[in-house]
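Undergrad: I have a structure I would like to understand better, so I am pasting it below and will then ask my questions one at a time.
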Amino acid sequence: MDKGDPVVLRISHRRAGAAHVVEVAGEIDAGTAAELRRELASEAVDTTVAELVVVDLSEVRFIDSAGLTVLAGLYRRSRERGVSVKVVTRQYAVKRALSITGLDELIPVVADLAEALPGE
């Protein structure tokens, strides 16, 4: 990727039983965090129905403090509604950022989607 190329963030949603899965690909930084925040706050992530929100960051290569703030906000809002949140990633940079900030102590981080979804 050229320094002049815009960073593209791809986000998709799907239901998996009682879980709402948000699959994210690309880089989450100051330029893309607002888009992720909008998606996680949208009606698509209906925490009145879902018991669990899984944020699949398997295809995210980089996350900065802006992205971590978005995840912390999701955790706070979901907790208020009694909804659990899990993050899926094997990416070292993402796992390290979650660990350094302590977010991995609040939000369980698992290696794959099957591990995140109950009964799958």
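The values are calculated or read from the model by the stated rules, or taken from the named source; none is laboratory data. The structure presented is a predicted model; accordingly, all values stated were derived computationally and were not measured. Glycine also receives a Cβ, built like all others from the backbone with ideal geometry; neighbour counts cover every protein chain displayed. What goes into the accessible areas is simple: the full protein's heavy atoms, side chains included, and nothing from ligands, DNA or RNA. Shrake-Rupley method; radii C 1.70, N 1.55, O 1.52, S 1.80 Å.
Undergrad: Any residue at all in segment 101-112 that is surrounded by 13 or more Cβ atoms within 10 Å (Cβ to Cβ) and of a type in the set (D, E)?
TA: Yes, segment 101-112 contains at least one residue that is surrounded by 13 or more Cβ atoms within 10 Å (Cβ to Cβ) and of a type in the set (D, E).
Undergrad: Kindly provide the set of residues from segment 88-99 that are open to solvent by 60 Å² or more (accessible area, probe 1.4 Å), in contact with a helix residue (DSSP H, G or I) (Cβ under 9 Å, 6 or more places away or on another chain) and not charged (D, E, K, R), ordered by number.
TA: The answer is S99, and nothing else.
Undergrad: Using beta carbons and a limit of 6 Å, which pairs, at least six apart or on different chains, have the first residue in segment 76-88 and in contact (Cβ under 8 Å) with a residue 12 or more places away in the chain and the second one of a type in the set (F, W, Y)?
TA: V85/Y75
Undergrad: Quick one: would you say L57 is crowded, with 16+ Cβ neighbours inside 10 Å, closer than 15 Å to A116 by Cα and aliphatic (A, V, I, L, M)?
TA: When the stated conditions are applied, L57 passes them.
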